[in-house]
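Student: Before anything else, here's the structure in question.
The values are calculated or read from the model by the stated rules, or taken from the named source; none is laboratory data. What you see is a predicted model; the values in this text were computed from it and never measured. When we count neighbours, we look across all protein chains shown, and the Cβ atoms used for this are built from the backbone with ideal geometry, even at glycine. SASA here: full protein model, heavy atoms, side chains in, ligands and nucleic acids out. Shrake-Rupley method; radii C 1.70, N 1.55, O 1.52, S 1.80 Å.
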Amino acid sequence: MKYKVTLNGRTYEVEVEAGKAMLLDEYEAIVPSAPAAPAAAPAAAAPAAPAAAAAPVVTGAGEAVNAPMPGTILKVNVTQGQKVAEGAVLCVLEAMKMENEILAPKAGTVTQVLAAKGATVDTGAPLVVIG
């Protein structure tokens, strides 16, 4: 069976037989450029770009618990001022159709909750601050 695979702008033609792969051909992939806009078109005022959602800012004293991977917050189990034990489930993060429990790294008091149900977070985004 033959496959064409493109990696980092290079296309590889690969043939696979009974668990054995063999490279047949290698060549540069060419990306077609977009057609140029007509020069006679009048310049219209560009609409204002929507403000980007600002990343949450840690203002509470203590240790920030960060998202280990990008995903969507399904549930937030803590509130500001709540005491938590080490290993308590702070929130649930869905990533790649898996529900991941975010646990408290230490016992303490929640000084700030930065995660909200339904929010999309990136890797390393602060979710909760424990003091």
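Student: Can you give the net charge of the other residues whose Cβ lies under 12 Å from the Cβ of Thr109, counting K and R as +1 and D and E as -1?
Tutor: Result for the local shell: +1.
Student: Accessible area of the range 66-131 with a 1.4 Å probe: how many percent of it is carbon plus sulfur?
Tutor: 54
Student: Starting from the Cα of Lys4, draw a straight line to each of the lysines and keep only those under 30 Å, dropping any in the same chain fewer than 8 residues away.
Tutor: Lys20, Lys97
Student: Of all alpha-carbon pairs in the range 68-131, indicate the percentage at a distance above 17 angstrom.
Tutor: Pairs farther apart than 17 Å: 32 percent.
Student: Now for a different question. Can you give me the long-range amide H partners of Ala67? Hydrogens built in the peptide plane at 1.01 Å from N, cutoff under 5 Å, separation of 5 or more residues or another chain.
Tutor: Gly124, Ala125, Leu127
Student: Could I have the simple spin-label model distance between Thr6 and Ala116, label points 7 Å from Cα toward Cβ, reported in nm to one decimal?
Tutor: Label-label distance for Thr6 and Ala116, simple model: 3.9 nm.
Student: Taking amide H positions as placed in the peptide plane 1.01 Å from N, state which residues far from Leu114 in sequence (5 or more) or on other chains have amide H under 5 Å from it.
Tutor: Val128, Val129
Student: What are the ³J(HN,Hα) values, in whole Hz, obtained from phi via the Karplus relation 6.51 cos²θ - 1.76 cosθ + 1.60 with θ = phi - 60°, for each residue of the range 83-95 in sequence order, with x given for Gly and Pro?
Tutor: Rounded to whole hertz, the list is 8, 10, 8, 4, x, 5, 6, 7, 7, 10, 10, 8, 9.
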